[in-house]
Amino acid sequence: MTDGVELTNPERRMRRSMLVAPSEVHTRDRIMDACDWNDQAVAVGAGQGLCDKGVVEIQETVRRTIHPGQEGHNAIANGLLEARLWSWISSQDEPTMAKLQAKFERHEAGPGVGLLKKLGVQRDSGSFVCDDPSMLKSELQARNMFLASLPADEEDLSERLLSHFKGRKELIEVVEHRSRTWKLTEAGKAMSSDGLDERKQISEITPELLQSGDWKDAEFRSFDVTLESATPRTGRSHPMQELIERIRRIFLEMGFSELVDDYVQTAGWNMDALFIPQDHPAREMQDTFYLDSPASIELDPELVQKWKDIHEHGGETGSRGWSGSFSEDVSKRGLLRTHTTVNTIQHLANNPNEPCRVFSVDRVFRKEAIDSTHLPEFHQIEGIIMEPGANLQMLVTTLKTFYAKMGYPEVRVRPAYFPYTEPSLEIEVKWKGKWLELGGAGIFRPEVTEPLGISSPVCAWGMGLERLAMLVLGLDDIRQLYISDLEWLRNQPLL
Ligand code: PHE
């Protein structure tokens with residue numbers, strides 16, 4: 001005890017080291033040195049504790065240093081823009097504006113001439129003249145020397161040049177250094193020096209301590225839980241990966257199995273099998289990435305024949321098909337899958353008689369221009385239920401259950417159209433009072449299931465993962481998910 005104030009061991013050590021020079025200001029380095037600490041957090045923590053107990057006063061000082069910015073480094077390496085322009089002008093017999101514009105980039109010529117103008121360089125009958133060449137020369141020199149002297153303390157630099165460079169883009173950067181110093185208060189000096197010896201303090205209660213009874217005589221370290229502390233930064237998964245894991249867990253616990261398959265597919269499976277007409281606009285180059293290699297992939301001719309029959313006249317299904325003529329070559333074209341339905345349909349084709357519940361969360365590709373709501377590569381949450389008696393109610397309940405487990409209990413469906421389902425629906429989720437469309441679903445049509453020999457009704461859906469991620473993370477720009485903004489990534493919630 002020191003006059004009734006309980007100090008921690010680091011506080012005792014710090015106060016002891018300050019009492020050697022009781023009236024002086026103690027810097028962090030000095031304290032760390034005297035106390036033999038190498039973690040500055042210990043010094044700052046002890047200093048804060050002593051301040052709370054009235055033993056020391058804290059002073060914060062801010063020092064600013066000036067460093068070259070991005071453009072500043074450029075100028076140091078290649079010369080300042082106005083100096084480069086002037087030296088070119090001086091080297092020419094007839095330095096016209098047109099020649100200057102041919103020699104320098106557009107973003108350099110305009111601003112460079114502007115800078116020279118402020119230094120007394122005028123345009124005169126197509127050429128350039130300078131009012132006071134020696135002033136110009138010395139100013140250019142002063143600017144160069146200023147940059148060459150960086151990094152430097154703000155205080156040591158010419159105020160005039162500093163404000164000049166502060167007005168130019170990215171030439172210099174100001175870095176603030178905050179530092180703390182500590183001084184004993186009158187009360188701190190007057191306090192008795194007894195009890196400054198460090199004592200063994202217990203900071204953790206162990207079973208041994210309790211069993212041995214040693215705790216009875218021990219001194220316990222106190223913690224101030226109101227103090228600020230650094231957030232520990234550890235490695236973690238990307239929020240998209242965390243979201244995918246969470247979706248996986250939900251489908252797995254609902255009894256689904258996961259399907260993983262290739263990106264490279266044929267137009268036959270991606271579209272023909274799904275009764276998407278061969279002249280459908282989404283098949284065009286604008287929407288689909290067709291491949292040069294493999295440009296074409298062999299398909300089972302019997303299967304292609306079945307798709308041809310279905311598309312041209314409905315095959316055995318009673319449908320009239322799309323009429324027109326079906327091209328086998330179009331079927332064989334290689335592409336990057338535009339939806340993951342291409343994989344569920346193949347799973348069904350391979351297992352036409354086995355009831356199943358299958359899902360996938362995987363990447364798809366569409367030729368989209370990148371903007372705040374579109375990416376050419378994105379992910380779909382796909383799934384199917386195939387079993388005797390599978391029906392629309394089952395489909396809607398499954399999707400509602402999934403979104404409820406994700407934390408969105410309000411879900412509604414609206415009628416929609418897809419060439420491969422009947423009935424078809426759109427799924428919408430309520431978020432902040434608005435209905436947002438998240439995907440499509442339906443029951444596969446006979447034109448899809450019959451040629452593949454699928455024996456029971458199939459509920460199917462495909463939903464956007466990035467859309468859902470935007471909801472979960474509260475984003476209004478989809479690109480934020482993939483720009484690797486470390487600060488943003490660190491501050492994302494655990495999903
Ligand atoms: N494949 C559709 C899409 O990409 C979604 C969907 C899947 C619709 C399954 C109905 C059935 O948007």
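The values are calculated or read from the model by the stated rules, or taken from the named source; none is laboratory data. None of the values given here were measured: they were computed from a predicted structure. Positions of Cβ are backbone-derived with ideal geometry, glycine not excepted, and every protein chain shown enters the neighbour counts. For accessibility, only protein heavy atoms count, side chains too; no ligands or nucleic acids. Shrake-Rupley method; radii C 1.70, N 1.55, O 1.52, S 1.80 Å.
Name, by its number, the condition in (1) open to solvent by less than 50 Å² (accessible area, probe 1.4 Å); (2) assigned to a helix (DSSP H, G or I) that does not hold for Lys405.
Here Lys405 meets the rest and fails (1).
Which residue out of Arg123, Arg168, Arg199, Arg180 is among the basic types (Lys, Arg), under 38 Å from the mean Cα position of the chain (by Cα) and farther than 24 Å from Gln70 by Cα?
Arg180
Tell me whether the stretch 161-176 contains one or more residues that are of a type outside the set (Lys, Arg) and over 30 Å from Val62 (Cα atoms).
No, the conditions are met nowhere in the stretch 161-176.
Can you name the residue in the stretch 408-439 that is in contact (Cβ under 8 Å) with a residue 24 or more places away in the chain and not in a strand (DSSP E or B) and is also surrounded by the most Cβ atoms within 10 Å (Cβ to Cβ) among such residues?
The extreme case among them is Tyr420.
For residues in the stretch 327-377 being open to solvent by 30 Å² or more (accessible area, probe 1.4 Å) and among the polar types (S, T, N, Q), which is farthest from Asp477 (Cα to Cα)?
Asn353
Looking at Ala41, is it surrounded by fewer than 18 Cβ atoms within 10 Å (Cβ to Cβ) and either assigned to a loop (DSSP other than H, G, I, E, B) or without any contact (Cβ under 8 Å) to a residue 12 or more places away in the chain (or both)?
no
For Gln70, indicate whether it is touching a residue at least 12 places away in the same chain (Cβ under 8 Å), exposed (fewer than 12 other Cβ atoms within 10 Å of the Cβ) and over 30 Å from Thr8 (Cα atoms).
Here the answer is yes, as Gln70 does meet what is asked.
Condition first: farther than 23 Å from Arg445 by Cβ and not in a strand (DSSP E or B). Now tell me which residues in the stretch 367-387 satisfy that.
Within the stretch 367-387, Lys367, Glu368, Ala369, Ile370, Ser372, Thr373, Leu375, Pro376 qualify.
Which of (1) surrounded by fewer than 16 Cβ atoms within 10 Å (Cβ to Cβ); (2) over 17 Å from Leu161 (Cα atoms); (3) in the same structural domain as Leu147 (by TED's automatic domain parsing) is the odd one out, the single condition Glu60 does not satisfy?
Status for Glu60: all satisfied but (3).
Kindly list, by first and then second residue, each pair from a residue in the stretch 75-99 that is surrounded by 13 or more Cβ atoms within 10 Å (Cβ to Cβ) to a residue that is of a type in the set (Phe, Trp, Tyr), limited to pairs with Cβ atoms under 6 Å and residues at least 6 apart or on different chains.
Cβ pairs passing all conditions: Ile89/Phe128; Pro95/Phe128.
Confirm whether Asp279 is of a type in the set (D, E, K, R), modelled with pLDDT of 95 or more, under 15 Å from Val330 (Cα atoms) and not assigned by TED's automatic domain parsing to the domain that holds Tyr482.
Answer is no for this residue.
Is the stretch 20-29 home to any residue that is part of a helix (DSSP H, G or I) and either closer than 30 Å to Ser179 by Cα or open to solvent by 50 Å² or more (accessible area, probe 1.4 Å) (or both)?
The answer is yes; a qualifying residue exists.
Mind counting the residues in the stretch 382-438 that are β-branched (Val, Ile, Thr), closer than 19 Å to Ala469 by Cβ and more than 14 Å from the ligand (Cβ to nearest atom)?
Residues flagged as β-branched (Val, Ile, Thr), closer than 19 Å to Ala469 by Cβ and more than 14 Å from the ligand (Cβ to nearest atom) within the stretch 382-438 amount to 2.
Quick one: in the stretch 460-486, which of the residues that are open to solvent by 10 Å² or more (accessible area, probe 1.4 Å), under 14 Å from Arg363 (Cβ atoms) and of a type in the set (Gly, Ala, Ser) is farthest from the ligand (Cβ to nearest atom)?
Out of the qualifying residues, it is Gly464.
Could you please find all residues in the stretch 245-286 being out of contact with any strand residue (DSSP E or B) (no Cβ under 8 Å at 6 or more places or on another chain) and open to solvent by 60 Å² or more (accessible area, probe 1.4 Å)?
Glu245, Arg249, Glu253, Asp262, Asp279, Pro281, Glu284, Met285, Gln286 - these are the residues of the stretch 245-286 that are out of contact with any strand residue (DSSP E or B) (no Cβ under 8 Å at 6 or more places or on another chain) and open to solvent by 60 Å² or more (accessible area, probe 1.4 Å).
Only one of (1) buried (at least 22 other Cβ atoms within 10 Å of the Cβ); (2) within 20 Å of Val361 (Cα to Cα) is not met by Glu447, so which one is it?
(2)
Could you tell me which residue of the stretch 333-346 is nearest to the chain's Cα centre (by Cα), considering only residues that are farther than 17 Å from Pro376 by Cα and more than 13 Å from the ligand (Cβ to nearest atom)?
The extreme case among them is Gly334.
Okay, residues lined up against (1) at pLDDT below 95; (2) not charged (D, E, K, R):
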site	(1), (2)
Gly235	yes, yes
Glu253	no, no
Asp287	yes, no
Ser331	no, yes
